[in-house]
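Notes follow once the structure below has been shown.
The values are calculated or read from the model by the stated rules, or taken from the named source; none is laboratory data. Bear in mind that the values here come from a model prediction, so they are computed numbers and not experimental data. Reconstructed Cβ throughout: ideal geometry from the backbone, glycine too, with neighbour counts over all protein chains shown.
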C-alpha cells in the first residue's frame, strides 16, 4: 500500500496533512476556509475543535462529553509530524493533538463548513490555521 507522509503547512498556504498509515482508510487533517478564516478540518471537511478544560495535551472529555465532542483518533499504524501529534486516552487509543491541544469534532456539525460548535459555553473553539 502507498505510504502517505504528513505534510507541514506553510503559514500562507491552505494544505492537507496526511496521516501516514499502512491501512486502507487513512484519515486526513486539512485546512479549510470558512467565512474568510482558515481552520483545521477532518477528511470530510468537518471542523476540528479544542476544549479549554484540556490544560495540557491530555484530554478531559469523556463519556457524555465525548459523545457530543468525539475525539479525533489516530488510525492504527499512522505516523504524524508537527504541528500534529498524539496523546493517549484512558482507553489506550491515541487522540490527535494540534499545537499540543487534543482535537475534537462536534456532533452538531452536519456538513462541510459547519462551525456550530465554535464558542459553545465559551470553552470550545475551532482550531485556527495560521
If only one of 50, 97, 90, 82 is exposed (fewer than 12 other Cβ atoms within 10 Å of the Cβ), touching a residue at least 12 places away in the same chain (Cβ under 8 Å) and either in a strand (DSSP E or B) or over 14 Å from the mean Cα position of the chain (by Cα) (or both), which one is it?
90
Those residues of region 112-130 which are out of contact with any strand residue (DSSP E or B) (no Cβ under 8 Å at 6 or more places or on another chain) and either buried (at least 19 other Cβ atoms within 10 Å of the Cβ) or not in a loop (DSSP other than H, G, I, E, B) (or both), in sequence order
120, 121, 122
When (1) surrounded by 14 or more Cβ atoms within 10 Å (Cβ to Cβ); (2) modelled with pLDDT under 95; (3) not in a strand (DSSP E or B) are applied to residue 10, the one that fails is (1)
Inspect region 75-92 for any residue being touching a strand residue (DSSP E or B) at 6+ places or on another chain (Cβ under 7 Å) and under 22 Å from residue 122 (Cβ atoms) and give the result as yes or no.
no
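Among the residues of region 100-111, which ones are farther than 12 Å from residue 59 by Cα and buried (at least 20 other Cβ atoms within 10 Å of the Cβ)? Walk me through it before giving the result.
Here is the first cut: in region 100-111, the residues farther than 12 Å from residue 59 by Cα are 105-111.
Once the filter is applied, which keeps residues that are farther than 12 Å from residue 59 by Cα and buried (at least 20 other Cβ atoms within 10 Å of the Cβ), region 100-111 yields 106, 109.
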Does residue 116 count as within 18 Å of residue 41 (Cα to Cα) and free of Cβ contacts under 8 Å to residues at least 12 places away in the same chain?
yes
Counting just the residues of region 61-71 that are in a loop (DSSP other than H, G, I, E, B) and under 15 Å from residue 125 (Cα atoms), which one comes out farthest from the chain's Cα centre (by Cα)?
61
Test result for residue 107, in contact (Cβ under 8 Å) with a residue 24 or more places away in the chain and in contact with a helix residue (DSSP H, G or I) (Cβ under 7 Å, 6 or more places away or on another chain):
yes
Which of (1) in a loop (DSSP other than H, G, I, E, B); (2) surrounded by 12 or more Cβ atoms within 10 Å (Cβ to Cβ) does residue 56 not meet, given it meets every other one?
(2)
Restricting to region 42-64, what's the tally of residues that are over 16 Å from residue 86 (Cα atoms) and at pLDDT 95 or above?
7
